[in-house]
Amino acid sequence: MMRPVVAGLDGSRESVAAADWAAREALRRGLPLRLVHAWEGLPDAETEATLPELRAPQYHARRVLRAAVDRLNERYPQLYIAAEQVRKQPGPALLAEAENAELLVIGSQGLSGMGGFMSGSVAMATVAHVERPVVLVRAGDTAQDEHLPDNAGKPSTRTPGRDVAVALDVDGPCDEVLEFAFHAAELRRAPLRAVHAWHVPLTRGIPDTETHARIRADAERELRALLQPWREKFPAVLVREALYEGRPAHVLVRAADGAGLLVVGRRRRRGTVGSHTGPVAHALIHHVSRPVVLVPHD
């Protein structure tokens, strides 16, 4: 059974953009799209029959879903789309939906916190516990944003795709992250930009020129070795290595500028409470304007 691409929808600009991104991704992957609107205040069948004044939230949810389905059917007629109202709180609803999803797509307001389907700390805590890749999309994101501008500098969908950037840490396993990033680049026929931030350990004090050069050379070698098996597995993907000196949370935001998609790992922390996404992922979520994919890994 194929896992669908699931998008959380509530009618906000962020969630509308997320649903459109999810539709394009579902087409690329040959998967169905599932749109979900969740709110625990939705009346059940008995309540709706006896208290007609509570029909407004249900009518709003149906209108949001119907408008989204109509719009996406018109734009992507070849895509299979299912839509459902879920009578749960958004957080638990997303966790449940993600269990059977290929990936989960929700709206993001960046520095203002998560918007659309969820908001604030609830969103961060939920994202931190989802076991499938989660894509965060800003309001206004369009299909043209996935491509380079044309010769006149205007947005276009007929130009080559912007590269997929993946933030990498060479100190630990990240197979899930690399698998997602290489596959995303392959689907888009786009280059992959492997971004790694390196720095001189503070315990070494101020390094001389030779030590500085050796540490950078070690980082280059480790990154190359990390990528080599994946280059062989995805020979059609053009890979560019990008190394920057500095702390990851500081430099990766700038390094990801211009990418069509940013992929970052999120280490699984089973049994924990709260929004444990890690400082690097947290910085990228709040500062990068392009869609960000959080891929859980051990």
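The values are calculated or read from the model by the stated rules, or taken from the named source; none is laboratory data. This structure is a prediction, so every number in the text was calculated from the model and none was measured. Using ideal geometry, Cβ is built from the backbone for each residue, glycine included, and neighbour counts are taken over all protein chains shown. Just the protein is used for accessible areas: all its heavy atoms, side chains included, with ligands, DNA and RNA removed. Shrake-Rupley method; radii C 1.70, N 1.55, O 1.52, S 1.80 Å.
Observations on the model:
- Only one entry in R290, R247, R266 is surrounded by fewer than 20 Cβ atoms within 10 Å (Cβ to Cβ) and either more than 20 Å from A18 (Cα to Cα) or modelled with pLDDT of 75 or more (or both), namely R247.
- Subset of the stretch 16-48 [crowded, with 22+ Cβ neighbours inside 10 Å and modelled with pLDDT under 90]: H37, A38
- Flag if D175 is more than 29 Å from N100 (Cβ to Cβ) and either in contact (Cβ under 8 Å) with a residue 12 or more places away in the chain or open to solvent by 30 Å² or more (accessible area, probe 1.4 Å) (or both): no
- Considering (1) modelled with pLDDT under 80; (2) surrounded by fewer than 20 Cβ atoms within 10 Å (Cβ to Cβ); (3) closer than 22 Å to F180 by Cβ, the lone condition that R132 does not fulfil carries the number (1).
- Of all residues in the stretch 201-234, those being surrounded by 15 or more Cβ atoms within 10 Å (Cβ to Cβ) and either in contact with a Gly (Cβ under 6 Å, 6 or more places away or on another chain) or in a loop (DSSP other than H, G, I, E, B) (or both) number 1.
- Looking only at residues in the stretch 188-200 that are farther than 14 Å from A259 by Cβ and buried (at least 16 other Cβ atoms within 10 Å of the Cβ), the one that is farthest from the chain's Cα centre (by Cα) is W198.
- Residue that is least open to solvent (accessible area, probe 1.4 Å), among those in the stretch 135-163 that are over 17 Å from E25 (Cβ atoms) and of a type in the set (D, E, K, R): D150
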